[in-house]
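These notes concern the structure reproduced below.
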Amino acid sequence: MIKLHCENKHLELSIMRIAQPIVKTFYFILFLMATMRGVAQSVDLNYYLPDVSYNTEITTPEQFIGHQIGDWHITHDQLY
């Protein structure tokens, strides 16, 4: 709890009434973000791309952009 040194006790109480919900909301959002990070799952690309023979002369997305699709976002300038 934050201790404020005020002459006016009424002002101190009103500041605390405003600050407490903000702090609680901040910690709640922080907790949600931490738990959602662990929930994210990695899906194997074979789910979307079955094992069939593809033309080997065509560059794969991983070779072109340097990582698997969905691992990172890319900018428009990287899609030339």
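The values are calculated or read from the model by the stated rules, or taken from the named source; none is laboratory data. Predicted model only: the values in this text are computed from it and were never measured. With ideal geometry, Cβ positions are generated from the backbone for all residues, glycine too; neighbour counts draw on all protein chains shown. Quick note on the areas: whole protein, heavy atoms, side chains included, nothing else; ligands and nucleic acids left out. Shrake-Rupley method; radii C 1.70, N 1.55, O 1.52, S 1.80 Å.
Just to be sure before I move on: is VAL39 exposed (fewer than 10 other Cβ atoms within 10 Å of the Cβ) and either on the phi > 0 side of the Ramachandran plot or at pLDDT below 75 (or both) in the structure I sent?
Numbers: exposed (fewer than 10 other Cβ atoms within 10 Å of the Cβ): yes; either on the phi > 0 side of the Ramachandran plot or at pLDDT below 75 (or both): yes.
Considered against the rule, which asks whether it is exposed (fewer than 10 other Cβ atoms within 10 Å of the Cβ) and either on the phi > 0 side of the Ramachandran plot or at pLDDT below 75 (or both), VAL39 comes out as yes.
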Notebook entry, point to check: Right, THR25: open to solvent by less than 90 Å² (accessible area, probe 1.4 Å) and modelled with pLDDT of 85 or more or not?
Noted result: yes
